[in-house]
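Accompanying notes for the structure given below.
The values are calculated or read from the model by the stated rules, or taken from the named source; none is laboratory data. Treat the numbers as computed from the prediction; the structure is a model and nothing was measured. All Cβ positions, glycine included, derive from the backbone under ideal geometry; neighbour counts span all protein chains shown. For the accessible areas, the whole protein counts, side chains as well, though only heavy atoms, and no ligand, DNA or RNA atoms are used. Shrake-Rupley method; radii C 1.70, N 1.55, O 1.52, S 1.80 Å.
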Amino acid sequence: MRTYYFHLFRKLISKDVSLLNWTRLRILFACIATFCLLTATLFIIYLFNAPNLLLYRVAFFFALFVTAMYLFWSNKAWHVAAHFFLTSLTLLIWTNVLLVHQSLYVINIQYCLLVIAAGYYILGSKIGLRYAIAAILPVLGDVFFNDFLNVDIPSRTVNVSYAGYAIAALSNFSLILYIHNLFFKSLAKFKKRETSFKRHLEQALEYSREQALAKTNFLNTMSHEIRTPLNAIVGMSNLLLSGSKLPEQEENLQVLNFSTENLMATVNDIIDFNNLDNGQVQLQNKPFSLYQIVTNVCGTFREQAAQKGLKFNCIIDEKFKGLSVYGDELRLSQVLFHLIGNAIKFTNEGFVSIEAICNCDNASEIEVSFRVKDSGIGISEMKQQQLLDPFKRELPRTQRQYQTTLGVTIAYQLLKLHGSQLEIESIEEKGSCFSFAIIYKVAAQQEVADTLVTASANVDLAKLKILAVDDEKLNLMVVKKVLAKWGIKADEAVNGKAALETCMQNDYDVVLMDINMPVMDGFEASKAIKSIEKPDFVAPRIIALTASVGTAVDEVMKFPCIDDCVLKPFKPEDLQKKLYEVKYVSG
């Protein structure tokens, strides 16, 4: 029987078998069923007494409550049955006040409580309030006219049966207790379900964090594994390009070098995007020269634009000369690199232009507007939003040429860290304009160099004593060949322990230290080398040559015993620049 009613209830509320609706249905069914039985009982009582108005009245309400039960079990929405029942019960209160001569305050108050409870619990607060007012008004009016004004209502002509009175009072009290008991039992179930749901939600969140961390670790690990062999490829291609070669080999080597650089850029973009997505990127706040940064970035792309026959313009506000600001020069450089690189990539003819303009300035801060314009293929308005989220692109293969690299997405995320917004204006086949503005605090007015650190004619790198440490023989060979071009004959060690032993026997100006090695890693080895105690020992400058990325690089840079860091695969000029900065170099 219970299973039968369960299926009936579930049919009533269709697919919404929520605990709240289940409780509402049980309350509604209990109310209708109770009043059907109550009015049937009262009908029998009044039938054996002398027929009067109450008999017909009870028969009328019995018919109403049976109709409500029919509506409840029919295919109509159960809300209809609820409204019909509450209207009938409210009408019962009004007829009690207007027709019954004997005072029925207790019964009417019980009916009012039932209307309030059923109205609020079944239909909600707004509708429940309306039914409550409609039920309370006649009772309050009865109290006011009868007890305060001593005015009797003329229509009161019948008396109730005491037996019926007692049965109705007992039935109403029982129903009120049942409704509240059922409702608060449901609240307890709600709380139990909420606790269970919260526990499962916390488990799901913890699982998602673990999955995100696993994804990050996987990407970092894969990046490290890709960078290690790629280091040898990049190093050897650079050596071959800079050395003597046959004319027919020139084009093949250029293709090889271009492909390796693009592969490396793709790996870096994926890792940068992953770190930004996980909130692992934090901006630095150090003084730097805006003029020098923009000039250096533009200088990097001039040759690439010239090779495609593009007119390359770099417009920098003269106010930036000799001005230092506080900010993150690395992240600004990344934004400009990605936007300019993207513009050159998708522009086959015409121009690429970069503008850095001072919008407003005062003694403490300036607002800098950047614009990167091109006459390239452009982007449709529909695709511009997709451009900022690579996982929402749904472009057909025929429109592949309109897709951009991941770099624009990274630039967009980096600008959000700066509190800035990347604005895109583009027309297909006409070109694009990417613009943004950043507010910087002014550090100090000072003269700064407008060019990168370059080699001085009177500096001889061959005087440096260098130890190269790496567990990969191929990487050691590449590093030694690169150093040999500058006249440096480097020693080698295959792990941290071997490097420590070598440093205890010999003095070095620089140690090129790999980080992930067996026996003793780069961190432990660097700390041990800096702590060597022997007469006249001068600790070497330790430069980490690592294929690690993301938070692993941050860990390397923050390690007190490591002086500098170069990411593998490295360009020879990047390592050369680091060596020029070593204070032990003499002319």
The stretch 27-49 residues that are under 10 Å from GLY164 (Cα atoms) and among the β-branched types (Val, Ile, Thr), paired with ones that are open to solvent by 50 Å² or more (accessible area, probe 1.4 Å) and not in a loop (DSSP other than H, G, I, E, B) (beta carbon under 8 Å, 6 or more apart):
THR39/PHE62; THR41/ILE167; ILE45/ALA163; ILE45/ILE167
Of ALA188, ALA212, which residue is under 43 Å from the mean Cα position of the chain (by Cα), surrounded by 13 or more Cβ atoms within 10 Å (Cβ to Cβ) and at pLDDT below 85?
ALA212
Which one of the conditions (1) closer than 22 Å to GLN421 by Cβ; (2) among the charged types (D, E, K, R); (3) open to solvent by 40 Å² or more (accessible area, probe 1.4 Å) does ASP328 fail to meet, given that it meets all the rest?
(3)
How about the stretch 501-527: which of its residues are more than 13 Å from ALA539 (Cα to Cα) and in a loop (DSSP other than H, G, I, E, B)?
ASP514, ILE515, ASN516, MET517, PRO518, VAL519, MET520, ASP521
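If we keep just the residues of the stretch 143-185 that are outside any helix (DSSP H, G or I) and polar (S, T, N, Q), which is least open to solvent (accessible area, probe 1.4 Å)?
SER161
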Within the stretch 493-519, residues touching a Lys or Arg at 6+ places or on another chain (Cβ under 7 Å) and surrounded by 17 or more Cβ atoms within 10 Å (Cβ to Cβ) come out as TYR508, ASP509, VAL510
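Out of all the residues in the stretch 499-547, which are small (Gly, Ala, Ser) and within 38 Å of the chain's Cα centre (by Cα)?
GLY522, SER526, ALA544, ALA547
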Going by the structure shown, is SER333 within 19 Å of ARG371 (Cβ to Cβ), free of Cβ contacts under 8 Å to residues at least 60 places away in the same chain and over 31 Å from the mean Cα position of the chain (by Cα)?
no
Has the stretch 109-127 got any residue that is within 17 Å of TYR165 (Cβ to Cβ), open to solvent by 10 Å² or more (accessible area, probe 1.4 Å) and modelled with pLDDT under 85?
no
